[in-house]
Amino acid sequence: MRYFLYTTPDPANPPAPPSPEMFAEMGQFIEEGFRNGTLVSTGALDPIVTKIENTKGSFTLTDGPFTEAKELVVGWAIVNVETKEQAIELSKRFWGIVGDGTGIIQRILDQGETPGS
């Protein structure tokens, strides 16, 4: 099963700049995930976004950032594990390295699967 794990910003408590030690620990964690096959892909996203809306074939583009910063995705990873519990454990390891924050764990459905299955 693949899961999309992502972090969202907390405007009230911006994170401290990462230390060299945290970078090294995160690098080891990421390398281990790629090596053992649990980490499919990872990255960070620019907070400057463009929102696209379609209303009956009429498109509207709006450049951000937007006031609802909590809705943004900051960092993300796609993991390939056998259970949701394994995805949770990987997320706990991530948060153990970076400290306080909020993340989302969302299953990626395979073709033909029904949401909630």
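Collect the residues in segment 25-52 that are hydrophobic (A, V, I, L, M, F, W, C), free of Cβ contacts under 8 Å to residues at least 40 places away in the same chain, over 20 Å from D10 (Cα atoms) and surrounded by 11 or more Cβ atoms within 10 Å (Cβ to Cβ), keeping them in residue-number order. Working first, answer last.
To start, the set of residues in segment 25-52 that are hydrophobic (A, V, I, L, M, F, W, C) comprises 26, 29-30, 34, 39-40, 44-45, 48-49, 52.
With free of Cβ contacts under 8 Å to residues at least 40 places away in the same chain added as a condition, the list becomes 30, 34, 44-45, 48-49, 52.
So of that shortlist, the ones also over 20 Å from D10 (Cα atoms) come out as 30, 34, 52.
Result: I30, F34.
Residue by residue through segment 74-92, note down the ones that are more than 14 Å from Y3 (Cβ to Cβ) and of a type outside the set (G, A, S). Spell out how you get there, then give the answer.
Taking segment 74-92 and keeping what is more than 14 Å from Y3 (Cβ to Cβ), we get 74-75.
Of everything in segment 74-92, just one residue is more than 14 Å from Y3 (Cβ to Cβ) and of a type outside the set (G, A, S), namely V74.
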- Message: Looking only at segment 1-15, filter to residues that are among the hydrophobic types (A, V, I, L, M, F, W, C) and in contact (Cβ under 8 Å) with a residue 60 or more places away in the chain; which one of those is farthest from D100 (Cα to Cα)?
- Response: M1
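Yes/no per residue for (1) of a type in the set (D, E); (2) touching a strand residue (DSSP E or B) at 6+ places or on another chain (Cβ under 6 Å); (3) over 19 Å from Q28 (Cβ atoms):
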| site | (1), (2), (3) |
| --- | --- |
| L45 | no, no, yes |
| E53 | yes, yes, yes |
| S58 | no, no, yes |
| R93 | no, no, no |
| Q106 | no, yes, yes |
| T114 | no, no, yes |
| S117 | no, no, yes |
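At pLDDT 95 or above, under 27 Å from P115 (Cα atoms) and among the basic types (K, R): does that describe R2?
On the way: at pLDDT 95 or above: yes; under 27 Å from P115 (Cα atoms): yes; among the basic types (K, R): yes.
Taking the combined requirement at face value, the residue satisfies it.
The values are calculated or read from the model by the stated rules, or taken from the named source; none is laboratory data. Please read these numbers as outputs of a predicted model, since none were measured by experiment. Reconstructed Cβ throughout: ideal geometry from the backbone, glycine too, with neighbour counts over all protein chains shown.
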